[in-house]
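Just so you know, all these numbers are worked out from the coordinates, no wet-lab data involved. Everything numeric in this text was worked out from a predicted model, so none of it was measured. So basically every Cβ, Gly included, is an ideal-geometry build from the backbone, and we count neighbours across all protein chains shown.
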Amino acid sequence: MLAYDQRHGYRGPEAVIELPPVGDARDDAIDALLQKHPSSDGLMPAVVTEVAGKSLKAELASGETVQINAEGLGFAASALRPNAANAVRLRPGALIRVVQTPAMKWAVSQLPEVEAAYVSLDAQNGAYRALVGGFDFRRKNFNHATSAWRQPGSSIKPFIYSAALERGFAPATLINDVQLSVTTTESLKWDPRNDDGKYDGPIRMQDALAQSKNVVSVRILKAIGVGYARDFLPRFGFDAEKHPANLTMALGTGSVTPVQLAAAYGVFANGGYRISPWLIQRVSDAKGKLLFESDKPATPPEEARTLDARNAFVTDSMLREVTRSGTGAQASVKLQRQDLAGKTGTTSDAVDGWFAGYANDIVSVAWMGYDDPRSLGTREFGATLALPIWIDAMRQALAGSTARELVVPEQVYFADGRWNFSEFDSDAGVKTLGLDDATAD
């Protein structure tokens, strides 16, 4: 969050007062201002007391005076220029945030306006492994991980693809990656585009998911039917009523919470079983007497199966391609693992950024966005916003673990670099969608 906030520029001091020249009045004014702005996650409030050239001095709540030189000004350096805008300019009496670097030097920072959430679950039984609801709960008293209903963007696509597998599609199915208007003469109310404006023509379904092709996802949803796909979503714990009954559903215009999305991806991670997140393992009194202990099983019971094991396995194989060659490839590069699976998500105008993924029975979701929804930036995506959070957290969660060998379900086979259901027609890989308006049924 701090990295995102700093690359989008310094916003200026949180407050500015007129400092009395000297004496107790000056000290009292500084103390009063600092009390109104408590420390937040290591970002300490400080009042600027002196500015000289490319450096400044500031007083902390402890009474200590710190000096910040040019290298510590960093992204706030322009705020010391004589022509700096009044709202941004650093001057005596300005309330700023400072942090101490590993080299024991002080640097200017700022409280981020953006928010984020991270949640991690045990994919086998739904137990929470991590739950981070925002930058600082004391600032807003709101848990974004459990209570923020946001558009999932492209992170919803794996569930549309999973529904398509049930309707006869395969990872090798060819789908035409061109605008809908190119392959029809009918008048369209909506002609979706790919985010990067690039279209590849006939493309395999697995590759389309890896590259997050919007047009392909819409074509798939159009072919299988909006109603069918919408009714398919509750298998993963989604509320169908929170997703539109139209083609925009393919691009994630519905609403989910980070916890809900994590549990949904858990179905792919554990081979097809629905999980319900839970928090309390046991409760004991002051004398150690056990008052409560969870009876959650270590692995999901068979009655919890919500998706055919073959479907879960094949969808998992496509999600692994996302982290090998697609929009989530930085995960495999940074973590040096080949057992990662997941999907990025970016909503229209980059209002929300997501990454949902898993490895070794750890399923995790990261999200970033503003509480008052607005664009995060024209050059921001789920891969730049949420994926770095996911990578940092999973680096710790997966430390020391090795990749678990997957058990291939019966009636699933590997051919031409892709997994498939064995009962698919032998020509499933060359069937097309959008080239001649044929479906892959």
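Among A245, N194, Q67, which residue has its Cα furthest toward the positive end of the charge dipole of the chain, with +1 on Lys/Arg Cβ and -1 on Asp/Glu Cβ?
Working it through, the farthest residue towards the positive pole turns out to be Q67.
Net charge near E59: determine it from the other residues with C-beta under 12 Å of the C-beta of E59, scoring Lys and Arg +1 and Asp and Glu -1.
On the way: positive: R26, K57; negative: D27, D31, E50, E64.
Neighbourhood net charge equals -2.
Taking the Cα centre of the chain as the origin and placing charges on Cβ (Lys, Arg +1; Asp, Glu -1), which of L279, S109, V16 is farthest toward the positive end of the dipole?
Toward the positive end, the furthest listed residue is V16.
Ranked highest first by the average count of other Cβ atoms within 10 Å around their residues, in what order do 47-56, 251-260, 288-297 fall?
Working: 47-56: 16.8, 251-260: 23.5, 288-297: 9.6.
Put in order of decreasing packing, that is 251-260, 47-56, 288-297.
Putting +1 on Lys and Arg Cβ atoms and -1 on Asp and Glu Cβ atoms, find which of L33, A52, T257 reaches farthest to the positive end of the dipole of the chain.
Of the options given, the answer is A52.
Take the Cα of E405, step 7 Å along the line toward its Cβ, and report every residue of region 320-351 whose backbone nitrogen sits under 18 Å from that point.
The answer is 338-340.
Calculate the dipole size of region 2-109 relative to its Cα centre from +1 charges on Lys and Arg beta carbons and -1 charges on Asp and Glu beta carbons; express the result in debye to the nearest 20.
Values: 11 positive and 12 negative charges, 114 e Å.
With only Lys, Arg, Asp and Glu charged at Cβ, the dipole is about 540 debye.
Report, in debye and to the nearest 20, how large the dipole of region 76-188 comes out about its Cα centre when Lys and Arg carry +1 and Asp and Glu carry -1 on their Cβ.
About 840 debye.
Exceeding 28 Å between C-alpha atoms, which entries from my cross-link table qualify? They are K140/K242; K54/K334; K189/K242; K222/K343; K54/K140; K189/K213. The partial results should precede the final answer.
Values: K140/K242 25 Å; K54/K334 36 Å; K189/K242 22 Å; K222/K343 21 Å; K54/K140 35 Å; K189/K213 20 Å.
Violating the 28 Å Cα-Cα cut-off are K54/K334; K54/K140.
At 0.36 nm per residue, and after removing the present C-alpha to C-alpha distance, how many nm does the segment from D295 to V22 gain when stretched out fully?
On the way: separation 273, 0.36 × 273 = 98.28 nm, distance 6.55 nm.
Residue separation times 0.36 nm, minus the Cα-Cα distance, leaves 91.7 nm.
For the chain, give the magnitude of the charge dipole about the Cα centre (Cβ charges: +1 Lys/Arg, -1 Asp/Glu; no others), in debye to the nearest 20.
Numbers: 46 positive and 52 negative charges, 135 e Å.
For the chain, the charge dipole is close to 640 debye.
Ranked from highest to lowest mean number of other Cβ atoms within 10 Å per residue, what is the order of the peptides 157-166, 31-40? If you can, show how the numbers build up before the last one.
Working: 157-166: 24.6, 31-40: 14.5.
Taking the mean over residues of other Cβ atoms within 10 Å, the ranking is 157-166, 31-40.
Order of M205, M104, M1, M44 from fewest to most other C-beta atoms within 10 Å? Spell out each step's value before the answer.
Numbers: M205 26, M104 6, M1 18, M44 22.
Starting with the residue having the fewest Cβ neighbours, the order is M104, M1, M44, M205.
Rounded to the nearest 500, what is the 222 nm mean residue ellipticity of the chain from helices alone, with -39500 (n - 2.57) per DSSP H run of 4+ residues and division by all residues? Intermediate values should be presented prior to the final figure.
Numbers: 14 runs with 116 residues, N = 441.
Rounded to the nearest 500, it is -7000 deg cm²/dmol.
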